Amino acid sequence: MTPFLFAQARFPAPEFDTYRIPELVMEEAVFDSSLLRAGAIVLFMLCSGICFYRLRSRKALLLLHLLGLVVFGFLFHACPCPVGIVQNIAEGAATGAPLPLAFLLLFTLPLLCALFYGRLFCAGACPLGALQELMPGKKLHLPPALDRFLRLGAVLVLLLVLVCAVAGIGFPLCRLDPYLPIFLRSFNHPYLWLTVVFLLLGLLISRPFCRYLCPYGVLLRLFSLLSWKKPIITTHDCINCRLCLQGCPNNAIIAPENDDSPAQRKRGLRRLELLLASIPLALALGGFLGYAAAPLLYPQHRAISLEQKLQRAESALTVDAYEKSQRPAAELSAAADRGRRVIRTGLTLAGLLFAAWVMAELIVQARRRPEENIHRIDHTLCFCCGRCYQTCPLEKPRLSQQDRKT
Amino acid sequence: MNRRNFLRSLFTVLLAAPFALRFRRNKSVLPGTLWQIDPSKCIQCGKCATACILRPSAVKCVHQYAACGYCLFCSGYYQDNRLKFDTAAENLRCPVDAIERTYIEDPYFEYKINEDKCIACGKCVKGCAAFGNGSLFLQVRHNLCLNCNQCHIAAVCPAGAFVRVPASRPYIFKSAGEAK
């Protein structure tokens, strides 16, 4: 028999006459479906590509959403999903934490797809998106300015989540994910109220999580900027009826701007100059705010909060566990120092990046648009829902005719 | 090659490069990982019973018989302030009566965990570690665990006893040689 590492042998094992000491048999882990899921995601992105670009049918896309919800939400393990794997990638890259191959595939495949065919991942292959897309009810149209402002939330979430993962705070996104309790069928979730709030919000607003909070959506937006294939609303000449604009609840349709008077141009130029001049100021402000916000994140870090509790001589379970473990104090203070350093630099960088993002968006807004006279889809924001095909008066008869033929 | 194509290939390379570097550095990261409790760090706070998103928890008490003393008066089985050594609920440590005690031969008894009843409160583990051999300990059972990306117990474990283990060695047993 092997010697015990930490079990105290106060009472030696007795010698029995007939009784045999049972062996400890433990179950194997359940089958890990991650690789299979990566394959299924490719298949679903292919299907949604066909439904969106070829069939141009919202019905088919909704069916695909339903299928995706069942397959990725309930048949497979819903966790980890590409949205949460953002954190594994950051942690793995920063600390060398284990990063399974399946995670890498789950993370990169949708991004590669976005690089060529736009955000097809959001249309069917993502259980979170599918759940929100299938929410019934007439969706509110938020004013474009408010929509743009709220969308900054996703960038903020991405940066915060990356800082947390790199600093070793854990994966806050996976703990707070509002839809995960549904997929895990868990009513013991600490943030179940968030689920209720987001389900109710989903009845009023189209895809509230995807648009305003999803960190993976930010990456998909960036990658789909260079997307090769772009959706067009109608193959005919656009008659500028504005129906698609009103039909899109995701504010993903760009309307032509007709005001190209010299006065307007002058105003635009002035605004652009102002924005360009204020870039250094904005960056400095962002960096400073990030740096100043660092102490807010300290209590979430295990070593830092433990050190604080030890200093204040508080009684807590973590303190008991630390004293029992008899770890050297130097180890703890080193871990706390590292945590503080990472959080501080991480948040400063995050502040800088956030400011840069805000400025870039403002500049893109302020720059002069190429002269157009059609409504087109902003493919970086488009969730490939197919609503605009349905509302377009030129497209609808064509599609229904196509249906009749096939 | 136009600008867009150039940028796209640049993006692809930038995306792939860190991963390629990673894999060259550490090849052992390929298979999946699972959450497990390191029994040497566990302080039996009882959070495993309440923090798991599953109810009852995916953590269960495990009895390593080879380390057990088969005591007549097991400190994992009986309360500290018991009135009598009998099977009345007020004298037993387990709140859900998950420990089955069977007579083997004088004066030895076998203690078996009924995993259908066990809620992973860790009370017996604490009692056994305090006065006995420490043959009882808590483990995440992988036939139950959903393997969340962020384990909800790990997030609140005061001892930091939850670690990611390779899927090929899913349990951390108490003896050195028996670790699978």
Across the residues of B:99-106, average count of Cβ atoms on other protein chains within 10 Å? 1
Short version: ³J(HN,Hα) in whole Hz for each residue of the stretch A:17-26, in order, from phi by Karplus 6.51 cos²θ - 1.76 cosθ + 1.60 (θ = phi - 60°), x for Gly and Pro, what are they? 7, 10, 5, 9, 5, x, 8, 8, 10, 10
Shielding by partners for B:152-165, please: the mean number of other protein chain Cβ atoms within 10 Å of each residue's Cβ. 4
Given q = 0.14 Å⁻¹, what are the Debye log10 I(q)/I(0) values for the stretch A:80-145, with equal point scatterers placed on the Cα positions and solvent ignored? -0.57
P(r) tail fraction, the stretch B:1-153 - alpha-carbon pairs more than 23 Å apart, %: 51
Expressed as a whole number of Å, what is the distance separating the alpha-carbon centroids of the stretch B:85-112 and the stretch B:141-166? 30
If you project the alpha carbons of the stretch B:86-173 onto their three principal axes, what span does each projection cover, largest first, in Å? 46, 27, 25
When only alpha-carbon atoms are used, what values of Rg and Dmax, in angstrom, describe the stretch A:34-232? 16.2, 46
In Å, what is the Rg of the alpha-carbon atoms in the protein assembly as shown, and how long is Dmax? 28.8, 104
Two-site FRET efficiency, A:PHE11 against A:ALA94, from Cβ-Cβ distance with R₀ of 45 Å, rounded to 0.05: 0.45
Result row for chain A, helices from DSSP H with C-alpha axial extent 30 Å or more and mean Kyte hydropathy at least 1.0, is A:144-167
Give the angle, between 0 and 90 degrees and rounded to the nearest 10, that separates the Cα long axis of helix B:3-25 from the longest principal axis of the Cα atoms of chain B. 40
Would you mind classifying the stretch A:262-366 by shape? Square roots of the alpha carbon gyration tensor eigenvalues, ordered a ≥ b ≥ c; an a/c under 1.5 is rounded, otherwise it is prolate if a/b is larger than b/c and oblate if not. prolate
Long-range amide H partners of B:LEU34, meaning residues 5 or more apart or on another chain whose placed amide H is closer than 5 Å, are B:VAL165, B:ALA167
Output ³J(HN,Hα) for the stretch B:160-166: one whole-Hz value per residue in order, computed from phi by the Karplus curve 6.51 cos²θ - 1.76 cosθ + 1.60 with θ = phi - 60°, and x for Gly and Pro. x, 7, 7, 10, 8, 10, x
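Since every read-out is calculated from the coordinates, none of them should be taken as a lab result. The structure displayed is predicted, hence computed values, not measured ones. Positions of Cβ are backbone-derived with ideal geometry, glycine not excepted, and every protein chain shown enters the neighbour counts.
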